[in-house]
Every structure is written in structure tokens, then in C-alpha cells.
Amino acid sequence: MKKFYLASASPRRREILDIMGIPHTVLTSPADESVDTVLTPKEAGEILAARKALALKNRLISEEKFDSDTLILAADTL
């Protein structure tokens with residue numbers, strides 16, 4: 001069975017997953033959310049989302065909760 005983690009405390013993202021009937025666990029990502037100001041908003045959003053997903057993956061690995069059935073949804077809006 002897949003384990004689905006939302007790497008965000010966003011109430012709207014949780015609501016969307018709930019409406020869609022997708023079981024998930026909310027775990028905020030420990031990622032650094034600072035970005036270089038020379039990036040475009042699109043670039044910054046992509047980098048932050050990837051950084052959040054990787055940081056949560058590393059957290060789950062360290063807690064021995066990550067395997068091939070683990071899915072992580074990370075997003076960022078600027």
C-alpha cells in the first residue's frame with residue numbers, strides 16, 4: 001500500500017486531497033525556504049518544492065519510514 005505524504009501545512013492543499021478522497025499524512029518539510037533573489041518566481045517555486053520534497057524524504061529515511069511505496073507531494077507558491 002502506498003504511503004502518501006503532503007510536505008506542507010497548507011490548509012488548501014489538505015482540503016484538495018480530502019475532496020479527492022486521497023488518504024495522506026501531513027508532515028511539514030524541514031527544508032530551508034530561502035531563495036536567491038535573482039531567480040524568477042517560477043524558478044524559485046520549482047527549487048523550493050524540490051528542496052521540500054528532498055528534505056522530507058531524508059527525514060523519512062532517517063526515521064526508517066521511507067521505501068518504494070512512499071509518495072511525497074511538495075509544492076510552493078510565491
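The values are calculated or read from the model by the stated rules, or taken from the named source; none is laboratory data. Just so we're clear, the structure is a prediction, and the values are computed from it rather than from any experiment. Here the Cβ is made from the backbone with ideal geometry for all residues, glycine too, and neighbour counts use every protein chain on show. Just so you know, the surface numbers come from the protein's heavy atoms only, side chains and all, with ligands and any DNA or RNA stripped out. Shrake-Rupley method; radii C 1.70, N 1.55, O 1.52, S 1.80 Å.
Go through the residues of the stretch 5-25 one by one and say whether even a single one is of a type in the set (S, T, N, Q), in contact with a helix residue (DSSP H, G or I) (Cβ under 8 Å, 6 or more places away or on another chain) and either open to solvent by 70 Å² or more (accessible area, probe 1.4 Å) or part of a loop (DSSP other than H, G, I, E, B) (or both).
The first filter runs over the stretch 5-25 and keeps only residues of a type in the set (S, T, N, Q), leaving 8, 10, 25.
So of that shortlist, the ones also in contact with a helix residue (DSSP H, G or I) (Cβ under 8 Å, 6 or more places away or on another chain) come out as 8.
Narrowing the set further to residues that are either open to solvent by 70 Å² or more (accessible area, probe 1.4 Å) or part of a loop (DSSP other than H, G, I, E, B) (or both) leaves 8.
Yes, the conditions are met somewhere in the stretch 5-25.
Could you list, in sequence order, the residues of the stretch 55-75 that are assigned to a helix (DSSP H, G or I) and either at pLDDT below 95 or within 15 Å of VAL26 (Cα to Cα) (or both)?
Residues of the stretch 55-75 assigned to a helix (DSSP H, G or I): 55-62.
Within the stretch 55-75, ALA55, LEU56, LYS57, ARG59, LEU60 qualify.
Of all residues in the stretch 28-46 being out of contact with any helix residue (DSSP H, G or I) (no Cβ under 6 Å at 6 or more places or on another chain) and under 14 Å from LEU73 (Cα atoms), which is most open to solvent (accessible area, probe 1.4 Å)?
Of everything passing the filter in the stretch 28-46, GLU46 is most open to solvent (accessible area, probe 1.4 Å).
Residues LEU48, LEU27, LEU56, LEU39: which one is out of contact with any Cys (no Cβ under 7 Å at 6 or more places or on another chain) and touching a residue at least 40 places away in the same chain (Cβ under 8 Å)? Quick ask: steps written out before the conclusion?
Working: LEU48 fails: touching a residue at least 40 places away in the same chain (Cβ under 8 Å); LEU27 fails: touching a residue at least 40 places away in the same chain (Cβ under 8 Å); LEU39 fails: touching a residue at least 40 places away in the same chain (Cβ under 8 Å).
The unique qualifying residue is LEU56.
Looking at (1) part of a loop (DSSP other than H, G, I, E, B); (2) in contact with a Pro (Cβ under 8 Å, 6 or more places away or on another chain); (3) surrounded by 17 or more Cβ atoms within 10 Å (Cβ to Cβ), which one does LEU78 not meet, given that it meets all the others?
For LEU78, the failing item is (3).
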